[in-house]
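Colleague: To start, I am sharing the structure in question, which I have written as structure tokens.
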Amino acid sequence: MVKINEDIIKAGLEVLNSHKDSKLITHLNSCVHCGLCAKTCLYYLTSNDKRFIPARKVELVSAIYRRYFTFIGKTMPGLTNARKLDDDIIAEMIDLLYGACVMCGRCVKHCSIGVDIEYVVRKGREMLAKMGYVPESLQSTVKAALETGNNMAISYEDFTDTIEWMEEELQDDCDDPDARIPLNEHGKNVLYTLNPREPKFFPLSISAMAKIFYAAKESWTLSTYMYDVTNYAYFSSHPAEAKTIAQRIYDETDKLKAKRLVLAECGHGVRANRWEAPNYIEKEFPFDVITSVEIIAEYIKEGRIKPNKEIITEKTTLHDPCNLVRNAGVIDDQRYILKNCVKDFVEMVPYGTDNFCCGGGGGQLTMSEYNDRRLSIAEIKAEQIRKTGASIVVSPCHNCIDQLSQINVTYKLNVKIKTLAEIVADTLLVENMLNNNK
Amino acid sequence: MEWYFWVAITSLGICFAGYIYHFLKLINLGSPKDYSKKSGSTKSGIIYSFTHAMNPVNKESAFLNLPTYISGVIYHLGTFLAIILFFVLFFTTNINELISLLLAAFLLLSTLCGAGMLIKRITDKKLRHLSNPDDYISNILVTLFHLGSGTVLFIPDVYPVYMVIASLLLLYIPLGKLKHVIYFFAARYHIGYFYGWRSVWPTAKSK
Ligand code: SF4
Ligand code: SF4
């Protein structure tokens, strides 16, 4: 770790001193140290470690704020435990803000005051990012996105080969040699994005979504230049890097003159592109930004696709990605879809805006140094799944799918893990689609 | 007028000025400018934030910690009552005996709640870890204020002591955690605004 110096301190404090509005000072001044948020956080619940209480994470940032920006903190730091920005607190911040928070926001909803703990954690991460202390593992993912256009550094050739292969799959699946995965086409209704995990590890989810578009007779395209829905700089909380990534997807949608930017199944991708991107680039988007979950629900409601719910009879449950539900307000559409696609749907307890993170949020899946912690906090999700008795777990997020797959092995759950698009695609019958597309 | 009245009035003025400072700072900085397309209603989100979202049934911090939550509610009600009484006592000490009795009983209860919370802060490892001197001072000052308010109703001789306690509390309020009297409202406003903008609140059918 680079030793702290005056310039680094200045860069860190700048984050606390640049107020665009009253939100930051509000949340830095509000915590009353009641400790009642402890049991809302999966880190504390699974470890009983007092360092992991959400308020403790807020305290790291607000103690620095008090030390440099309040009268009492400057004159009597001991009174409010106002702390200097030094190597010790930085080490603690890295460990707790990057390594012990999935940025799920569960604690926020339940805080007795209303402190936006997750927002303060993000501000703390922003300080660390500005000071150059983003964990290398996370930063390398951001770097790959910045340098290659996608966080897995997939080459153009590999990507287009995969798409060609998936197009063949689609044609087989739909029994139609003319079924296509359009690339870089202008003036379409939908520009669809992907989580790079799809072309890299789960290409069948691409053909699944293509099958849905095919069945709905959607006018759509993928871009070979900018298809990555993720923005890991949202997790590292480096605003300039997050802006660069957000700007690219904006520019591509604008260039292709698509009416709607449809975000793939990726919780943080939805949050980063639908809600944070316009603020990163300080511009209102002239096109609609919606999630694949919403568009699929729309197709079913409008009768554009007709899932057959007799096909999937196994008990199915849903894992809610925190960033899609608690932080983006997409709560009911995934349930509507599943109720139309599977025979036996069961909720986890708790669910919806009270759900527990799978443990893979906040960039944890990229930070291998915290792997053990990540899998131990997943105990809660494993128990939730076990209690439903379901044999299929659906989640509209590829990061969650990755974590759930690891939970499945670690906790011996013996369940199938599926994306929502895969479930929907499995319930679309070829005869119906052919009639539809005639 | 007695010296302790002057001390109390001066402290009240300083406290008020401190509050105005924090309040104006918040107003000046204003609400966030959000460039994303709103999908819900900030107004409904803010209303929900101050109403349903505060319902103990919807808050794990409340229903998982019911005794602490109830103590907290009584303690805060006691504080409001003590503040009202402070202003009333400026003008008259002549309060109906039954009312005095009821007030004193409630203030005694809220004093016990305050003391209980202090003991918990000292003995609970998790809470002790979170606490700083400000947390203890704030609790002690407010609890003494409750005790003083209840006592002065029946023992007028403690009036000067009561006024000194009230003055210390007033001077301390804008400095430490007690300024959450203002920031609580700002925090609930901001999360209501945030969740309302994104249509997370008011909560839809799904929990
Ligand atoms: S519940 Fe809220 S106010 Fe209480 S300690 Fe936690 S963050 Fe602070
Ligand atoms: S955001 Fe989630 S992981 Fe982070 S402190 Fe809150 S509950 Fe814990």
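The values are calculated or read from the model by the stated rules, or taken from the named source; none is laboratory data. Quick caveat, the model's predicted, so the values are computed rather than measured. Every residue, glycine as well, gets a Cβ built from its backbone with ideal geometry; the counts of neighbours run over all protein chains shown. For the accessible areas, the whole protein counts, side chains as well, though only heavy atoms, and no ligand, DNA or RNA atoms are used. Shrake-Rupley method; radii C 1.70, N 1.55, O 1.52, S 1.80 Å.
Colleague: Taking Rh as the Kirkwood radius computed over C-alpha pairs, what is the Stokes-Einstein D of chain B at 37 °C in a medium of viscosity 0.692 mPa s, expressed in µm² per second?
Modeller: 170
Colleague: Where a Cα-Cα gap under 18 Å defines reach, which aspartates and glutamates qualify for B:K125, not counting those fewer than 8 residues away within the same chain?
Modeller: Partners found: A:D49, A:E59, B:D134, B:D135.
Colleague: Now for a separate question. So how much slack lies between A:E310 and A:K283, counting 0.36 nm per residue of separation and subtracting their Cα-Cα distance, in nm?
Modeller: 5.2 nm
Colleague: GNM, chain B, Cα, under 10 Å: largest mean-square fluctuation among B:S149, B:S131, B:S11?
Modeller: B:S131
Colleague: Can you compute the charge dipole magnitude of chain A about its Cα centre, using +1 on each Lys and Arg Cβ and -1 on each Asp and Glu Cβ, nothing else charged? Give it in debye, rounded to the nearest 20.
Modeller: Rounded to the nearest 20 debye, it is 1880 debye.
Colleague: Quantify how strongly other chains surround peptide A:52-62 by giving the mean number of their Cβ atoms within 10 Å of each of its Cβ atoms.
Modeller: What the average comes to for A:52-62 is 1.
Colleague: State the answer as a single residue: which of B:A105, B:N94, B:N58 lies farthest towards the positive end of the charge dipole of the range B:24-128, with beta carbon charges of +1 for Lys and Arg and -1 for Asp and Glu, about the Cα centre.
Modeller: Looking along the dipole axis, the top candidate is B:N58.
Colleague: Further question on the same structure: Taking all protein chains in place and a 1.4 Å probe, what share, in percent, of the accessible surface of the range A:306-426 do carbon and sulfur account for?
Modeller: Carbon and sulfur together cover 49 percent of it.
Colleague: Along the charge dipole of the range A:306-426, pointing to its positive end and built from +1/-1 on Cβ of Lys, Arg, Asp and Glu, which listed residue (A:H319, A:V346, A:G362) has its Cα farthest out?
Modeller: Ranked along the dipole, the leading option is A:V346.
Colleague: Let me ask something else. What are the extents of the Cα atoms of chain A along their three principal axes, listed from largest to smallest and rounded to whole Å?
Modeller: The Cα atoms of chain A stretch 78, 47, 33 Å along the principal axes, largest first.
Colleague: Using a 1.4 Å probe on the heavy atoms of the protein chains only, list every residue of the range B:101-148 that has 50 Å² or more less accessible area in the complete assembly than in its chain alone.
Modeller: Buried by the other chains: B:K126, B:H129, B:L130, B:N132.
Colleague: Another one. Quote the FRET efficiency, to the nearest 0.05, computed for A:T224 versus B:L24 with a Förster distance R0 of 45 Å and r equal to the Cβ-Cβ distance.
Modeller: With R0 = 45 Å, the Cβ-Cβ based efficiency is 0.25.
Colleague: Counting only other chains, and only Cβ atoms inside 10 Å, what mean value do you get across the residues of B:192-199?
Modeller: 4
Colleague: Okay, next question. Leaving out ligands, DNA and RNA, calculate the buried accessible area for the pair B and A with a 1.4 Å probe, summed over both sides, in Å² to the nearest 100.
Modeller: For chain B against chain A, roughly 5200 Å² becomes buried.
Colleague: Can you give the mean number of other chain Cβ atoms that lie within 10 Å of the Cβ atoms in peptide A:327-333?
Modeller: Going residue by residue through A:327-333 and averaging, the value is 5.
Colleague: Pairs to check: A:K381/B:K38; A:K217/A:K283; A:K309/B:K59; A:K23/A:K57; A:K39/A:K74; A:K188/A:K283. Give those whose C-alpha atoms are more than 27 Å from each other in this structure.
Modeller: Beyond 27 Å between Cα atoms: A:K381/B:K38; A:K217/A:K283; A:K309/B:K59; A:K39/A:K74.
Colleague: For the modelled label position 7 Å from the Cα of A:K259 along Cα-to-Cβ, which residues of the range A:285-322 have backbone nitrogen atoms closer than 19 Å?
Modeller: Under cut-off, by backbone N: A:285-305.
Colleague: Could you work out the helix-only [θ] at 222 nm for the protein assembly as shown, with each DSSP H run of four or more residues adding -39,500 (n - 2.57) and the total divided by the number of residues, to the nearest 500 deg cm²/dmol?
Modeller: Roughly -17500 deg cm²/dmol at 222 nm, from the helical runs in the protein assembly as shown.
Colleague: I would also like to ask the following. Could you tell me which of A:L256, A:A382, A:P203 has its Cα farthest along the dipole of the protein assembly as shown towards the positive end, charges placed at Cβ (Lys, Arg +1; Asp, Glu -1), taken about the Cα centre?
Modeller: So the residue we want is A:A382.
Colleague: Suppose every Lys and Arg Cβ carries +1 and every Asp and Glu Cβ carries -1, with no other charges. What dipole size does the range A:6-133 come out with about its Cα centre, to the nearest 20 debye?
Modeller: 400
Colleague: Could you pull out every whole DSSP H run in chain B that spans at least 30 Å of Cα extent along its own axis and averages 1.0 or higher on the Kyte-Doolittle scale?
Modeller: Those that clear 30 Å and a mean of 1.0 are B:3-29, B:66-91, B:97-123.
Colleague: To the nearest 20 Debye, how big is the dipole of the range A:189-252 about its Cα centre, given +1 on the beta carbon of each Lys and Arg and -1 on that of each Asp and Glu?
Modeller: I would put it at about 160 debye.
Colleague: How large is the accessible surface per residue of the range A:306-426, computed with a 1.4 Å probe and reported in Å² as a whole number?
Modeller: 33
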